[in-house]
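Peer 1: I'd like to ask you about the structure that follows.
The values are calculated or read from the model by the stated rules, or taken from the named source; none is laboratory data. No experiment lies behind these values; they were computed from the predicted model shown. Cβ placement follows ideal geometry from the backbone for every residue including glycine, while neighbour counts extend to all protein chains displayed. Surface areas here come from the heavy atoms of the whole protein model, side chains and all, with no ligands, DNA or RNA. Shrake-Rupley method; radii C 1.70, N 1.55, O 1.52, S 1.80 Å.
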Amino acid sequence: MDVVPEDLAELIHRAARATAPYPADLAALRRRARARRRRRTTTAVAGLVVLVALTGGGVPLLVGGQRPATPPAAPPPSPSPSPTAPSTPPTPAPAQRLLLSGDGGTVRPHRGGPEIGLVGGVADELRSDGSVVRHRVPAGWQETVALPDGRLVGLKFTDLMPGVRRTDGPDVAGLSVKLMLLRADGRVEVDREVRIRGQALALAGADARYAYLVRDGVGLVSHELTTGREKTLIRVQTKVDGELPFRDADVTAGRVVSVTGPADLTQCRLDVRRLAGGSRLSRLTVAGDCAPSVRLSPGGGLVAVPYRRPNGRNLDYRLAILDTATGQLRADQPLGTASPTYGLPGGGTWGAAWIDDTTVRVVWAHLPDPPRKVYSVAELARVVTVSVQ
């Protein structure tokens, strides 16, 4: 492939997004899902899942265009409350920050006509007031994890041999992959090379002390942010259906949840394991195909699982919430139906985060009918909130 000097990672993503329309029969859907997964595993990193935005109920976000939201001005100070009129306590911040994740895709359906599609931001964050903040990150930034203190962890991909023709894959020459930690004000706190040539790499999660990396042929490792020292937490040396282990993973409260098994539009399978020792706590199943944005609750007792299942030529989307200890289904919320549009999936999940241990927010978006341009998720996104008792 010819490498674009500015952004090798974008080439990898565009190759991964070249998917055909969803056909009507389930067998063909399964074949296309398997083929799509095989194409993704030839890249230098486990790319983000191709499926884009979706439909669903909820309240539209108060955003517009491509401009980052301006934080609201501080309100004037309120007079001191009287003894007979106690003040209302402030609403606590959500336990988890909500990043709009996913790549999306575009297509030009008619020669000479406009390009259409839906694309996500690199590090766009949905705040609790409905505004979207576009964080400034370096070129080549991927796989963002948002820490509670305002910092961001991610991987930065850099082409070191611009213009040189090479064969893509984990062994591609002239590719740098750095682990970066950005402060809330955008300043760089950590900038460290983490790539090992011939070894696919992904970021599964992060906390105040560690980034959790998935290394091909090794498994899940903890990478200490201050020193760079690594320790293998859960050793998995083999891939499943050509995929890295711990794909679509989340790490929270000493636990890791990850999608397991081959792509299957009739069953979503997940494993929940302890980080210390790697023992499996539970194996969970949902009656559909796992969609992006699987997320553990702050205490690790629940997991939110967006999933999809065929409905004729379309895909129905739902959100399941399961108990990580027992596998009990605690909620199963319909979110909408996505219809293929000129070969693009019409919708998908775009991030999930827990407000507290019982309530989760999920971001969805879908293309209008008919689509007239390339839309950002921030223009079209909606939020669905699901709680368990």
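Peer 1: Having 1 or more residues that are crowded, with 22+ Cβ neighbours inside 10 Å and without any contact (Cβ under 8 Å) to a residue 60 or more places away in the chain is the bar; report the strands (runs of 3 or more DSSP E) wholly within segment 176-254 that clear it.
Peer 2: Output list reads 201-206, 210-215, 219-224, 230-235, 247-252.
Peer 1: Got a number for residues in segment 314-328 being acidic (Asp, Glu) and at pLDDT 95 or above?
Peer 2: 1
Peer 1: Could you check, for segment 133-144, whether at least one of its residues is open to solvent by 70 Å² or more (accessible area, probe 1.4 Å) and not in a loop (DSSP other than H, G, I, E, B)?
Peer 2: Among the residues of segment 133-144, at least one is open to solvent by 70 Å² or more (accessible area, probe 1.4 Å) and not in a loop (DSSP other than H, G, I, E, B), which makes the answer yes.
Peer 1: Among the residues of segment 105-122, is there at least one that is assigned to a strand (DSSP E or B), in contact with a Leu (Cβ under 9 Å, 6 or more places away or on another chain), under 25 Å from SER176 (Cα atoms) and modelled with pLDDT of 90 or more?
Peer 2: For segment 105-122, residues assigned to a strand (DSSP E or B), in contact with a Leu (Cβ under 9 Å, 6 or more places away or on another chain), under 25 Å from SER176 (Cα atoms) and modelled with pLDDT of 90 or more: absent.
Peer 1: What single numbered condition from (1) at pLDDT below 90; (2) within 25 Å of GLY113 (Cβ to Cβ) fails to hold for LYS373?
Peer 2: (1)
Peer 1: Ok, one more. Where the second residue is at pLDDT 85 or above and among the polar types (S, T, N, Q) and the first is under 13 Å from LEU367 (Cα atoms) and open to solvent by less than 40 Å² (accessible area, probe 1.4 Å) and lies in segment 103-115, which pairs have Cβ atoms under 6 Å and are six or more apart or on separate chains?
Peer 2: Qualifying pairs under 6 Å: none.
Peer 1: Next question, about the same structure. Name the residue, out of ARG295, ARG330, ARG361, ARG309, that is charged (D, E, K, R), touching a residue at least 60 places away in the same chain (Cβ under 8 Å) and over 16 Å from VAL251 (Cα atoms).
Peer 2: Of the residues listed, the single one that is charged (D, E, K, R), touching a residue at least 60 places away in the same chain (Cβ under 8 Å) and over 16 Å from VAL251 (Cα atoms) is ARG361.
Peer 1: Has segment 101-118 got at least one residue that is within 24 Å of THR252 (Cα to Cα) and β-branched (Val, Ile, Thr)?
Peer 2: Checking segment 101-118: not a single residue is within 24 Å of THR252 (Cα to Cα) and β-branched (Val, Ile, Thr).
Peer 1: Take TRP354 and decide whether it is touching a residue at least 24 places away in the same chain (Cβ under 8 Å), aromatic (Phe, Trp, Tyr), crowded, with 20+ Cβ neighbours inside 10 Å and touching a helix residue (DSSP H, G or I) at 6+ places or on another chain (Cβ under 9 Å).
Peer 2: Answer is no for this residue.
Peer 1: Return the total of residues in segment 289-342 being within 16 Å of the chain's Cα centre (by Cα), open to solvent by 40 Å² or more (accessible area, probe 1.4 Å) and of a type outside the set (D, E, K, R).
Peer 2: Going through segment 289-342 one residue at a time, the tally reaches 0.
Peer 1: Among the residues of segment 348-373, what is the count of those that are within 20 Å of the chain's Cα centre (by Cα) and farther than 29 Å from GLY301 by Cα?
Peer 2: Number satisfying all stated conditions: 2.
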